[in-house]
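Notes for the one structure printed next.
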Amino acid sequence: MLVGCQAKTGINHFFVTHFAGQAGFKSYLCLSLRYLPLGPPGKGNGMSALVEEVVCPSCWGEFDPADGVWISRHPGLMGDVRLGPDAQERFQPSRFDARGFPLDARGQACSEVACPHCHLALPRYFLEMRPLFVSVVGAPASGKSYFLGAAIHQLRSVSGERFKLGMLDADPERNALILDYERALFQQRDLDSPLDVAELIRKTQYGANAAGTFAAVRHGGLLLHRPRPFSYRLETKSGHPAHLEQTDDPNNQKVNRILCVYDNAGESYLPTRQDPHAEEVTAHLAQARFILFVFDPLQDRRFLNEVEQVKGPMPPPKQITGQYEVLAEAARRVHQLRSGDRGAWPPLLILVSKWDAWHQLLPGVDMSEPLRQGSRAPVAGLDVERIESASDQLRTLLLRLCPNLVQTAEAIGHEVRYLPVSALGKTPETRPGMNRPAGPSGEKGLPVEFIRPRDIRPTWVTVPFLYGMARFVSKLVPKAERKLEPKEKQVAIEKSNPPPVPSIQETSPKPRPPAKAAVKPIEFDFDPEDLK
Ligand SMILES: Nc1nc2c(ncn2[C@@H]2O[C@H](COP(=O)(O)OP(=O)(O)OP(=O)(O)O)[C@@H](O)[C@H]2O)c(=O)[nH]1
Ligand SMILES: [Mg+2]
Ligand SMILES: [Zn+2]
């Protein structure tokens, strides 16, 4: 049933929104028709607004939604110029069935849309919502996958319940890997039997042989590797301050976003200029609104020594990778991918992982959920002040134990924050005599680490996403901020201008240049006028 249409770019492209079947399932079709009747876009007439420009979550190429290609369904139409002989052919439709679905060359109705540049399928919501790319970066075994599994799981409930911001999988099938992580952490049948943490979430596979982690795309005679995106619809609900029923913005496109993250293996961030595969699968760095760098302090010898002084002997780290080099390499890639535009560098949040194992070094930091609920407001506000205070305290600790990290981070980012996180919330236990098999050169195997599912209680895993959204994405997450008195403002300016990072050899800090007038460059504002 044809219920509405919307002109694209004033010429001969039209999107037709139609409902198929009882489920009310929506589809958008690009029709090359000239004189379809036009109706005003808006709620209630079955129309759905499309974004002006789609950014592909696989190759980050931009395209007009009207130029999307469709994926054929007939089994006889195998073979695609970009994806090889095992993929269904992509096509631009010229015939449609009675319901408006495009027909492939063998007459099968099709509903899956793909990017015209790389030909990879993408969730349809990318045609309707503005993207929010977030990069999670870190060395091997720093805790990226554990963090993502815990953070996405907890964000689903926190964002909906506390912020009236719905979070749904844009395509559950394509999010299967992260859903597996979530199930491993939070949906075990037996809550009391200890599980081996190395098996609970396995090391992310890497390289040309880890076919599940990327898609190979032929382009200009080359075979390029594109990482698998995981995407979530973030949509305001009734009660959210920016949830307005506006006829000129039926999808609330000015506010809603499609959050897109990637789970790369740490190896793809190691500085290996010889390996184009690594650079290709991490090219999302150039699109990131903010970057989350996962730093594992237990892989840093000096930090680990300090922890051992307080807690006694710790299991040796699985590996020690050059985490500073990984950060510097990520910065180099951002710089290169953004053609050297330093002004466009995204804010950098340093997540210091496995807080459960080192929290004794950071006493006095309040790690309860940094949310404040007003007495009358239906939504909570994010306690940005408390998060920034924790960041200042953690920065001081890192400056003493890992000055290289602070120095590297602050040389890269205009905005750098330091956040403690723990995906598990409890340090796994080891058992005497239970070790992994000996290494190839005969060295003793590492102890096996166990955790009981009942004990998994993540700490602050949602904070990096919520903070990033509150600070750097307009109107999604409200900040709970006190209005400062003029005197307090001056103190805040001084506070937000922390002491400089001494170079490795330096002992006395250099004076820092005076603070810029704008202490908080991006302010949250819920003035509804602003949305018009
Ligand atoms: N104590 C503690 N250990 C953790 C935590 N999260 C992860 N780990 C440990 O760190 C190991 C590596 O975590 P992953 O999430 O797989 O690390 P990764 O960064 O994804 O590693 P790659 O996939 O190799 O890049 C796990 O096997 C756990 O042993 C945590 O919150 N606390
Ligand atoms: Mg991983
Ligand atoms: Zn693409």
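Points to keep in mind about this one:
- Condition broken by residue 417, with the remaining ones in (1) outside any helix (DSSP H, G or I); (2) closer than 19 Å to residue 298 by Cα; (3) modelled with pLDDT of 85 or more satisfied: (2)
- Only one of 380, 331 that is farther than 27 Å from residue 459 by Cβ and crowded, with 20+ Cβ neighbours inside 10 Å: 331
- Matching residues, the range 299-309, being part of a helix (DSSP H, G or I) and either within 31 Å of the chain's Cα centre (by Cα) or more than 21 Å from residue 431 (Cα to Cα) (or both): 299, 301, 302, 303, 304, 305, 306, 307, 309
- Of the residues screened, residue 351 is one that is under 26 Å from residue 145 (Cα atoms) and in a strand (DSSP E or B).
- Screening the range 57-173 for strands (runs of 3 or more DSSP E) wholly inside it with 1 or more residues that are small (Gly, Ala, Ser), within 16 Å of ligand 3 (Cβ to nearest atom) and over 30 Å from residue 371 (Cα atoms) returns the ranges 84-88.
- So residue 169, is it surrounded by fewer than 18 Cβ atoms within 10 Å (Cβ to Cβ) and not aromatic (Phe, Trp, Tyr): no
- Matching option when the condition is outside any loop (DSSP other than H, G, I, E, B), of a type in the set (D, E, K, R) and over 21 Å from residue 280 (Cβ atoms), among 329, 385, 325, 369: 385
- For residue 396: the one exception among (1) outside any loop (DSSP other than H, G, I, E, B); (2) surrounded by fewer than 18 Cβ atoms within 10 Å (Cβ to Cβ); (3) at pLDDT below 95: (3)
- For the range 271-283, the condition of being within 16 Å of ligand 3 (Cβ to nearest atom), at pLDDT 90 or above and part of a helix (DSSP H, G or I) holds for at least one residue.
- When 288, 242 are checked against the criterion of being at pLDDT below 85, buried (at least 22 other Cβ atoms within 10 Å of the Cβ) and not polar (S, T, N, Q), 242 stands alone in meeting it.
- Restricting attention to the range 95-133, the residues that are buried (at least 21 other Cβ atoms within 10 Å of the Cβ) and either within 16 Å of ligand 2 (Cβ to nearest atom) or on the phi > 0 side of the Ramachandran plot (or both) add up to 1.
- Candidates in the range 408-430 are the residues that are surrounded by fewer than 19 Cβ atoms within 10 Å (Cβ to Cβ) and over 20 Å from the mean Cα position of the chain (by Cα); of these, the one that is farthest from residue 143 (Cα to Cα) is 411.
- Condition check for residue 201: under 29 Å from residue 279 (Cα atoms), of a type outside the set (Asp, Glu), within 16 Å of ligand 1 (Cβ to nearest atom) and touching a strand residue (DSSP E or B) at 6+ places or on another chain (Cβ under 7 Å): no
- The residues listed here are 318, 254; of these, the one that is closer than 28 Å to residue 473 by Cα and either more than 16 Å from ligand 2 (Cβ to nearest atom) or touching a residue at least 24 places away in the same chain (Cβ under 8 Å) (or both) is 254.
The values are calculated or read from the model by the stated rules, or taken from the named source; none is laboratory data. Note that this is a predicted model, so its numbers are computed, not measured. Reconstructed Cβ throughout: ideal geometry from the backbone, glycine too, with neighbour counts over all protein chains shown.
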